[in-house]
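A short write-up of the structure that comes next.
The values are calculated or read from the model by the stated rules, or taken from the named source; none is laboratory data. Note that the coordinates shown come from a computational prediction; the quantities given were computed from them, not determined experimentally. With ideal geometry, Cβ positions are generated from the backbone for all residues, glycine too; neighbour counts draw on all protein chains shown. Ligands, DNA and RNA are excluded from the accessible area calculation, which covers all protein heavy atoms including side chains. Shrake-Rupley method; radii C 1.70, N 1.55, O 1.52, S 1.80 Å.
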Amino acid sequence: MMNINRRQLLIGLSAAALPQPILAAESSVILRPTRVGLSVNGRMIEMLGFNNSVPGPEIRLPQNDTLSARLENTLEEGTMIHWHGIRLPNTMDGVNVLTQDAVIPGGSFDYRFAVPDAGTFWYHSHYLSLDQVSRGMFGPLIVEERNPPDVDQDITIQLLDILTDAEGNFDRAFHPAHYTTEGRLGDVMTAFSSSSQTRVGERLRLRLINPSVDRVFKIALQGLSGVVVALDGMPLAEPQLLSELVLAPGQRVDVIGDVEADVHVLEQSASKPLLLTKISPSGSRDERQTAFAPLPPNRLPQPGRITQSVDLVMQGGAGGKPHSGFGSWALNDVSGLPRQPIISAGRGETVLIRLRNDTAFPHGIHLHGHHFWETDESQAPTVLRDTTLVEAGESREILCVLDNPGAWLIHCHMLSHQEDGMATWLLVA
Ligand code: C2O
Ligand code: CU
């Protein structure tokens with residue numbers, strides 16, 4: 001294990017200010033995992049980020065450009081990167097066993113793929129991911145519209161909880177209870193905002209991302225009047241009035257709104273709301289008279305006739321019925337990847353998946369390489385997502401147009417659950 005010396009901690013001191021976005025179009029990006037001291041509420045917490053920063057650098061590029069990113073593994077263990085929500089070629093998806101081998105210490109891997117959809121995405125380690133992601137190995141991946149909406153600022157806000165021990169240090173201990181309940185919930189909550197300054201009357205685009213390993217955030221935005229314009233990177237056909245925002249691990253929400261006062265980002269699942277970050281106005285500008293418009297849609301394949309219906313049953317955890325998987329959690333009675341995929345589809349098939357949560361806890365189910373439609377009671381598609389939150393005891397049907405060839409992971413994005421069995425895969429020929 002590396003030693004943390006004073007110099008590394010000093011590098012960490014400046015890590016509280018987010019680095020400038022890397023414009024991926026200009027050159028290729030290099031991502032190196034590094035130890036970072038993160039200052040939260042006056043305490044220095046030793047974490048693991050990319051390029052001396054937690055969160056890692058924001059990568060930005062225009063829609064349809066090609067992202068070239070070299071991962072250089074400076075760790076003493078393996079790693080790899082997954083580009084969450086991007087519809088990319090299977091070999092670039094960064095999933096151990098299914099799409100690539102772990103990048104060994106001292107090794108590197110070149111990721112290169114086009115980004116077909118504009119929106120808010122993110123990247124994160126997908127190896128020993130409960131440990132590596134909880135320690136900070138993630139960052140935003142922003143794909144810009146060719147004609148972006150008219151706003152004064154485009155701000156990324158990442159919501160994070162961190163588990164610390166009695167001394168206030170990052171807690172890496174194994175806590176058996178985390179694997180059978182809601183997971184590894186942190187005791188420190190914060191948010192990283194790429195801007196802290198605004199003016200009354202400014203129109204802001206806020207891109208909220210939840211890279212936390214297990215926590216579902218329930219967010220209230222105060223001081224801003226506006227609409228939700230996208231979920232998991234995909235524009236809503238009709239923007240929705242701003243109300244409580246629920247973000248399961250992995251999920252994103254884009255908001256466009258006009259500043260009326262101090263913009264407060266509040267987490268409100270506890271008994272009293274907790275201020276995670278704020279964007280403070282100084283001065284003002286004339287408010288825009290234009291209404292909030294929908295973002296231009298991304299071009300995704302539309303659902304056709306359903307050719308297969310498959311049940312995906314979430315099982316296990318504390319209070320759950322027994323199942324035959326080896327871990328605490330299982331999908332369809334198997335913990336971890338089964339030898340055969342749960343779905344084998346021809347390219348372009350529309351598959352209905354019935355997600356059934358037979359456990360006492362919520363799960364955020366994520367499909368790689370595709371977005372899927374949530375549906376209403378009559379099986380009509382409603383919104384596109386790449387991660388859907390299924391509450392304890394709830395069932396939900398999703399429509400997947402499986403048009404991206406390869407072996408794709410489906411798993412609970414509560415990474416404690418994933419680690420202890422809640423993962424499976426499907427195959428698109
Ligand atoms: Cu965001 Cu399989 O991960
Ligand atoms: Cu779960």
**Asked** Out of the residues in segment 313-325 that are hydrophobic (A, V, I, L, M, F, W, C) and in contact with a strand residue (DSSP E or B) (Cβ under 9 Å, 6 or more places away or on another chain), which is nearest to ligand 1 (Cβ to nearest atom)?
**Response** Met314
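Would you mention how many residues in segment 132-179 are under 28 Å from Arg288 (Cα atoms), open to solvent by 30 Å² or more (accessible area, probe 1.4 Å) and either out of contact with any Lys or Arg (no Cβ under 6 Å at 6 or more places or on another chain) or without any contact (Cβ under 8 Å) to a residue 40 or more places away in the chain (or both)? Before you say what the answer is, go through the steps one by one.
Applying the first criterion (under 28 Å from Arg288 (Cα atoms)) to segment 132-179 yields 142-158.
Filter once more, keeping what is open to solvent by 30 Å² or more (accessible area, probe 1.4 Å): 144, 146-154.
Then drop every residue that is not either out of contact with any Lys or Arg (no Cβ under 6 Å at 6 or more places or on another chain) or without any contact (Cβ under 8 Å) to a residue 40 or more places away in the chain (or both), which leaves 144, 146-150, 153.
Looking only at that region, the number is 7.
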**Message:** Which numbered condition in (1) assigned to a loop (DSSP other than H, G, I, E, B); (2) β-branched (Val, Ile, Thr); (3) closer than 30 Å to Gly226 by Cβ is the only one that Ile155 fails?
**Reply:** (1)
**Item:** Subset tally (residues that are of a type in the set (Asp, Glu) and modelled with pLDDT under 95) for segment 287-334
**Value:** 1
**Asked** Only one of these conditions is not met by Leu274: (1) at pLDDT 95 or above; (2) assigned by TED's automatic domain parsing to the domain that holds Phe192. Which number is it?
**Response** (1)
**Request:** Being among the hydrophobic types (A, V, I, L, M, F, W, C) and away from ligand 2 (no atom under 16 Å from the Cβ) is the filter; apply it to segment 289-329 and report the residue that is surrounded by the most Cβ atoms within 10 Å (Cβ to Cβ).
**Result:** Leu295
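When you look at Cys400, is it within 15 Å of ligand 1 (Cβ to nearest atom) and either in contact (Cβ under 8 Å) with a residue 24 or more places away in the chain or of a type outside the set (Ser, Thr, Tyr) (or both), yes or no? So that I can check it myself, show each step before the final result.
On the way: within 15 Å of ligand 1 (Cβ to nearest atom): no; either in contact (Cβ under 8 Å) with a residue 24 or more places away in the chain or of a type outside the set (Ser, Thr, Tyr) (or both): yes.
So Cys400 fails the test.
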**Item:** Filter result (under 21 Å from Gln63 (Cβ atoms) and out of contact with any Gly (no Cβ under 7 Å at 6 or more places or on another chain)) within segment 112-132
**Value:** Arg112, Phe113, Ala114, Val115, Pro116, Ala118
